[in-house]
There are 2 protein chains.
Amino acid sequence: MADEPLVIFTPSGKRGRVPSGTPVLEAARRLGVDLDSVCGGRGICSRCQIDPGRGAFPKHGVTVTEQALSPFNEVEARYDRIRGLKPGRRLGCQARILSDAVIDVPPESQLHRQVIRKSAAERVMAMDPVVRPFFVEVPEPDLADPTGDFQRLSQALSAQWGIEGLRADLPVLARIQQVLRKAGWKATAVVRQDGQGAPLLIDLLPGLLEGPLFGLAIDLGSTTIAGHLVALDDGRVLASSGLMNPQIRFGEDLMSRVSYAMMNEGGAAEMTDAVRAGLGQLAQTLADEAAVAPARIVDAVIVCNPVMHHLMLGIDPVELGQAPFAPATSDSMTVPAPDIGLGIAAAARAYVLPIIAGHVGADAAAVVLSEQPQNADAPVLIVDVGTNAEIVLGDRSRVLACSSPTGPAFEGAQISAGQRAAPGAIERVRIDPATKEPRIRIIGVDLWSDEPGFAQAAATTGITGICGSGIIEAVAEMRMAGIVDASGLIGAADRTGTARCVPQGRTHAYVLHDATDSGGSLIAVTQGDIRAIQLAKSALHGGARLLMDEFGIDRPDRIVLAGAFGAHISPLHALVLGMIPDCPPDRVTSAGNAAGTGARIALCSRAARAEIEDQVTRITRVETAIAPRFQEHFVAANAIPHATDPFAALAETVTLPDVAFNSGATADRPRRRRR
Amino acid sequence: MADEPLVIFTPSGKRGRVPSGTPVLEAARRLGVDLDSVCGGRGICSRCQIDPGRGAFPKHGVTVTEQALSPFNEVEARYDRIRGLKPGRRLGCQARILSDAVIDVPPESQLHRQVIRKSAAERVMAMDPVVRPFFVEVPEPDLADPTGDFQRLSQALSAQWGIEGLRADLPVLARIQQVLRKAGWKATAVVRQDGQGAPLLIDLLPGLLEGPLFGLAIDLGSTTIAGHLVALDDGRVLASSGLMNPQIRFGEDLMSRVSYAMMNEGGAAEMTDAVRAGLGQLAQTLADEAAVAPARIVDAVIVCNPVMHHLMLGIDPVELGQAPFAPATSDSMTVPAPDIGLGIAAAARAYVLPIIAGHVGADAAAVVLSEQPQNADAPVLIVDVGTNAEIVLGDRSRVLACSSPTGPAFEGAQISAGQRAAPGAIERVRIDPATKEPRIRIIGVDLWSDEPGFAQAAATTGITGICGSGIIEAVAEMRMAGIVDASGLIGAADRTGTARCVPQGRTHAYVLHDATDSGGSLIAVTQGDIRAIQLAKSALHGGARLLMDEFGIDRPDRIVLAGAFGAHISPLHALVLGMIPDCPPDRVTSAGNAAGTGARIALCSRAARAEIEDQVTRITRVETAIAPRFQEHFVAANAIPHATDPFAALAETVTLPDVAFNSGATADRPRRRRR
């Protein structure tokens, strides 16, 4: 009808005519405008706040009078008095449209508000969590209608929110009678709608829920368990924390844990208990840190490699240790949170991302979800560095994935002075090519060691060891300074021209830091450390190379370093070390903890879960463990940066000194003979 | 095509033409004939045995030659050698149809075999359990297809049995890899298909399952928990057992248990633990008795009243104790069996029948399922006698239900010499109207006490007390013999003419059995016993009367006594006592444990579950607790048989003596006055 007022919503631009007197919230619903409401239009949740426009809007062809909306009413005045409304704001459920109006929906009033993620593959994500609060008014029982309270709650959710066929676990059912009576048959139903069966009542809270609900995004690694506590209304991270995986005591890498399970009766169950205890501890830490009641944490997403996946779920990983590496189950899983040790809302479920293959896990799936190689115009190589590295290569045409057992050297383990990334750890290293003298930076201090005030600033923590990014930079710098040759040998003092090269048995070590005079520590990079790093980086490079063979390219268009640790790796040093394939250094970027980000994305968006479930079925899985060429690639990658690839792109930026310390390769030292 | 062989299946009469060479099993499937198979036609399960006909079948218009079926083959010969085939029998998956054939499917080869139940409402029930075994061959994993074992199992079940979207609990998932490898990728999947979400993998067994799967049908009463172990292939009962409900220690009747929950912090949880322990013990006893592995018990059905329902599920029953008696949930429930204490297959689910109202439980629903009042031509009254009695009245037009708190007197509690129905308990009583001398029978002895050999036979157990049916007969016989008057008073010896009436304080007792001379027991019916029985029977009669008011009738067409105990009640004595409304004695029948039968029906048939879920929504619930006329009916029913109803139908069979022992009503004894 032409005499009905015209309403235009911004920023969506949706417009239409509604009968005079229609509440703005109702108009938004009719026109498909995304305007939030938890209380369903009862004027108590304030989620539907809107900004009414005034004056002429030539673009929309309307002029809005002061009387376009009904006057500020009692409900709004009361809300403004108690909680405060921003100037000009109205409650969408109270303000009624009387004549042509332009209504702006501010971002915080959008249910599916958009969150822009900054990463190599920048993307916009709509909030669409699977667990949401719904305020309901439930009819009281009477003798004429002797149905259960749960049935009346279920009918109310159907009538008021269109949620059909609610189900609930026994412990939640056991609480609803009390909760419904506590707040006069008004309550907030926390409902999970994940498309896996009927909607599930996670919790029922008396009256209107204050504040948001929360979820956990967990990246369960072989060495570290990292997690974020995320608000499910806008996706913000309230707390982030991590802890060592308590399974470390059963073996540092995945295969040693599989062996432990094979060799020890009940070994798998022991490791399951350990990792679940770790998950529980992490959840508790995050809840404490953000001062959030664990019961308000109503969803969780977990990404992990297949071995951790099986151990967490209580499945013996033995089959993952032998060809054909068949997982017990590869699809995404939804399991009761308490079953895997998470002490959050008792009825909460944890969503575990699908496994790509027996050696390529849900963590790789999460990296794909975060970095979106399937949408890249040219082949992008994504390397998630960890004890077990996930490597993905792809573009619009196809996506390949593999994993490679790098071992824990990149995380500072198996390194003589290695340590976790903690205050006091050397994280950055520079070596002057002329003097061969090092400069260092340690975690917790913002100065280089040659800057004034460093010694004082470092005094609180001391200089305690080398963390993963520190050892990578140290070895790469040693190579650039001519202290280490292409084969990985550290030269003696007389060959390198620095007294920092000290003999150690039959090999040499390079002293990075010596505080032994003042009773402090001696931190050196030993020949053994170099060998450990070479093994790790060869595995990584070999895996990437295998994917490039399969893809039919010699060099990726760009490289993304992922993983909590990947964020700290200097692209140039990674290239000098040859842990990644040759590439112009400015085409190597860091994506931070992409697996963790993928977990957060899946936590915030039901669509993202569906997307990755679909995507994993399209990924071509490559098994390094049985690929004949992997061994060949591994051996060639042992050199720094590489035995056969000249690293031509890198050479345009850096010229590596042509030194060789192998006794057989130089004439001025007699070759030692083993007896 | 006319030259294709014609095949006629009996007893179904289904017929059709199939290509020559079609296996009988395949022909049965095409023609919709019910022929069982667990192995899917691989010649190993033998479930598809058939009896081929030979010779002329004028009725069907065919003559069957000796060559109608392919010759007995190796698979059949091997099966016959190892297991034995009945003469003439063939395996339906091996025998191929070569020319016109008549094939009989013996009852044991019918998947949905029919079981005829004998009861007042005789009915035929088709076996249709929700959990069934399916033999599958699962493709082995290979590197080219790195999906999980579970996914391949799921695909195999889809391809081989049409089961789509399988899901499994974690503990089952954790076992499948080992099971699949154990028997060369051949296994029996035990799958639950109950229409509540996707099919659920209850268990996976290596190779072909030997023997049937089992289920439990449990009638969880306030006083007794009774259960049957049932084979899910043909519905036969392998073991039946019962135990006292361990909740008895918290109160004998339901309202005292609700009070216990209200008065004691954690009281409800204590009672939940107690009843779950009882359920666990019962399951164990039944499994032991039938020598069945608990893991082979893969389904359970539970019927109970609303208070037991809530306590079993861990829900505080407090709301059931006060108007409007709202249950927490009233729909049928499917819960993990271990959650309610049942130590059967870990992934098994228990199905709890729906509640009719706050006071009318799943046990009443089970009675309806068993007795089918909704299909009766004339109003049938069903009385399930127990501590809490369920009463149902209905015909094709409508069905009404209520419950009435009779208390435990009918089960021998609150009776001075009362005891459980066990060997030695007096279960039947006859009193000679002339001599006033009693004859008794005890449980465990098939003789009356005046028959030769009784004393000797009774010596092993002794005569230990009176059970429920015994006290009902005793009181009714005392009324018929003129020892008790209509008001329930026992007369003194001088009024009744028997020395068996002995004074006891200000009242009298009637001695049923006196072995005190020989150091044995004295068993008498005291005035207190009569009062306890009067209270119980008034509640029962009052509830029935209320339903008749609502239905608009004065007398039901027939009465069914149900309940484990109901089966032992003599209809005539129940009428004399007035525990049921007046009715010709030959119109009163016993249906045994109708609630337990209902549980068995629901256990064996998915359709029956759907039927009762639909039926409960049509039942009109009547609340005795708030009906104003209930109190009036209760008072009028206190007399034996009744104060206002002349029991005219009963009077055609039995004439009750017109005695009155109230002192005020007779002139020859001075009225006592209380001081």
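The values are calculated or read from the model by the stated rules, or taken from the named source; none is laboratory data. These numbers were taken from a predicted model, which means no experiment stands behind them. Here Cβ is always computed from backbone atoms with ideal geometry, including for glycine, and neighbour counts include all displayed protein chains. The accessibility values were calculated without ligands, DNA or RNA, using every heavy atom of the protein model including side chains. Shrake-Rupley method; radii C 1.70, N 1.55, O 1.52, S 1.80 Å.
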If N is the residue count of chain B, its Cα Rg over 2.2 N^0.38 Å rounds to 1.14
Neighbouring partner chain Cβ atoms per residue of B:421-430, average, 10 Å criterion: 0
17 Å cut-off, amide nitrogen to a point 7 angstrom out along residue B:236 Cα→Cβ, residues in the stretch B:593-607: B:604
Which one of B:569, A:374, B:25 has its Cα pushed farthest toward the positive end of the charge dipole of the protein assembly as shown, where Lys and Arg give +1 and Asp and Glu give -1 at the Cβ? B:569
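What is the mean number of Cβ atoms from other protein chains located within 10 Å of the Cβ atom of each residue in peptide A:618-629, rounded to a whole number?
Shielding by partners across A:618-629 averages 1.
Looking at the stretch B:120-182, which chymotrypsin sites (Phe, Trp or Tyr not before Pro) are DSSP coil and have at most 14 other C-beta atoms within 10 Å of their C-beta? Provide the component values of the computation, followed by the final result.
On the way: sites: B:134, B:135, B:150, B:161; in loops: none.
For chymotrypsin sites (Phe, Trp or Tyr not before Pro) across the stretch B:120-182 that sit outside H, G, I, E and B with at most 14 neighbouring Cβ atoms in 10 Å, the list is empty.
Just to verify a number: FRET efficiency for residue B:169 and residue B:550, C-beta to C-beta distance, R0 = 51 Å, to 0.05?
0.65
Antiparallel DSSP bridges in chain B: what percent, to the nearest 5? Before the final figure, lay out the partial values.
Values: 75 of 107 bridges.
Here the antiparallel bridges make up roughly 70 percent for chain B.
Report, for the stretch A:419-490, the % of DSSP beta bridges that are antiparallel, rounded to 5. Don't skip to the answer; put the middle values down first.
Numbers: 6 of 8 bridges.
For the stretch A:419-490, the DSSP antiparallel bridge percentage is about 75.
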When the accessible area of the stretch B:8-60 is split by element with a 1.4 Å probe, what percent falls to carbon and sulfur? 50 percent
Quick check on packing: order B:586-594, B:349-357 by the mean number of other C-beta atoms within 10 Å, highest mean leading. B:349-357, B:586-594
With the solvent-accessible surface defined on protein heavy atoms using a 1.4 Å probe, which residues belonging to the stretch A:328-374 display a reduction of at least 30 Å² in accessible area in the multichain context relative to the isolated chain? A:328, A:329, A:330
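What's the Cα-based Rg to Rh of the protein assembly as shown, Rh via Kirkwood? Don't skip to the end; give the middle numbers.
On the way: Rg = 40.6 Å, Rh = 37.5 Å.
Ratio of gyration radius to Kirkwood radius for the protein assembly as shown: 1.08.
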Find the chain B residue whose Cβ sits closest to the rotation axis that carries B onto A, and give that distance in whole Å. B:197, 2
Heavy atoms only, probe 1.4 Å: what % of the accessible area of the stretch B:261-340 goes to carbon and sulfur, would you let me know? 49 percent
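Ranked highest first by the average count of other Cβ atoms within 10 Å around their residues, in what order do A:648-654, B:164-170 fall? Walk me through the numbers before you get to the answer.
Details: A:648-654: 13.7, B:164-170: 17.0.
Sorting A:648-654, B:164-170 by mean packing, highest first, produces B:164-170, A:648-654.
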Hey, with R₀ at 41 Å, roughly what FRET efficiency would residue A:607 and residue A:658 work out to, going by the Cβ-Cβ distance, to 0.05? 0.15
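In square angstrom, what is the accessible area per residue of the stretch A:376-441 with a 1.4 angstrom probe? Don't skip to the end; give the middle numbers.
Numbers: 2210 Å² over 66 residues.
With all protein chains present, the stretch A:376-441 gives 33 Å² per residue.
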By the scheme Lys and Arg +1, Asp and Glu -1, what is the net charge of all other residues having a beta-carbon under 10 Å from that of residue A:380? -2
Mean shadow area of the stretch B:434-520 over all directions, Cα convex hull, nm²: 6.6 nm²
For residue A:13, inter-copy label distances in nm, listed shortest first [label point 7 Å out on the Cα-Cβ vector]: 7.0
Taking the Cα centre of the protein assembly as shown as origin, sum charge times position over the Cβ atoms of Lys and Arg (+1) and Asp and Glu (-1), and report the length of that vector in debye to the nearest 20. 240 debye
Could you order the peptides B:443-449, B:321-327 from most to least packed, using the average number of other C-beta atoms within 10 Å per residue? B:321-327, B:443-449
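Report the accessible surface area buried between chains B and A, summing both sides, using a 1.4 Å probe on protein heavy atoms only, in Å² rounded to the nearest 100. Could you put the intermediate results ahead of the total?
On the way: alone 27590 and 27620 Å², together 52310 Å².
Using a 1.4 Å probe on protein heavy atoms, the buried area is about 2900 Å².
Over the stretch A:1-105, give the accessible area per residue in Å² for a 1.4 Å probe, as an integer.
Details: 5180 Å² over 105 residues.
Roughly 49 Å² per residue, with all protein chains present.
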Within the accessible area of the stretch A:560-635, what % is carbon and sulfur when the probe is 1.4 Å and the other protein chains stay in place? 56 percent
List the equivalent ellipsoid semi-axes of the stretch B:406-477 in whole Å, largest first, each obtained as the square root of 5λ for an eigenvalue λ of the Cα gyration tensor. 20, 16, 8
Exam field: residue B:614 pseudo-label spacings to other copies (7 Å along Cα-Cβ), nanometres: 3.8
Work out, step by step, the length gained on full extension between residue B:70 and residue B:439: first 0.36 nm times the residue separation, then minus their alpha carbon distance; give nm to one decimal. 125.9 nm
Between copies, how close do the residue B:207 label points come, placed 7 Å along Cα→Cβ, listed in nm from shortest? 6.5
Inter-part gap, Cα centre of the stretch A:485-543 to Cα centre of the stretch A:258-283, in whole angstrom, is 36 Å
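As an exercise, find the ratio Rg/Rh for the stretch B:346-487 from alpha-carbon atoms, using the Kirkwood inverse-distance average for Rh.
Details: Rg = 19.7 Å, Rh = 17.9 Å.
Checking Rg against Rh, the ratio lands at 1.10.
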Can you give the FRET efficiency for residue B:517 and residue B:455, using 1/(1 + (r/R0)^6), R0 = 22 Å, r = Cβ-Cβ distance, to the nearest 0.05? 0.95
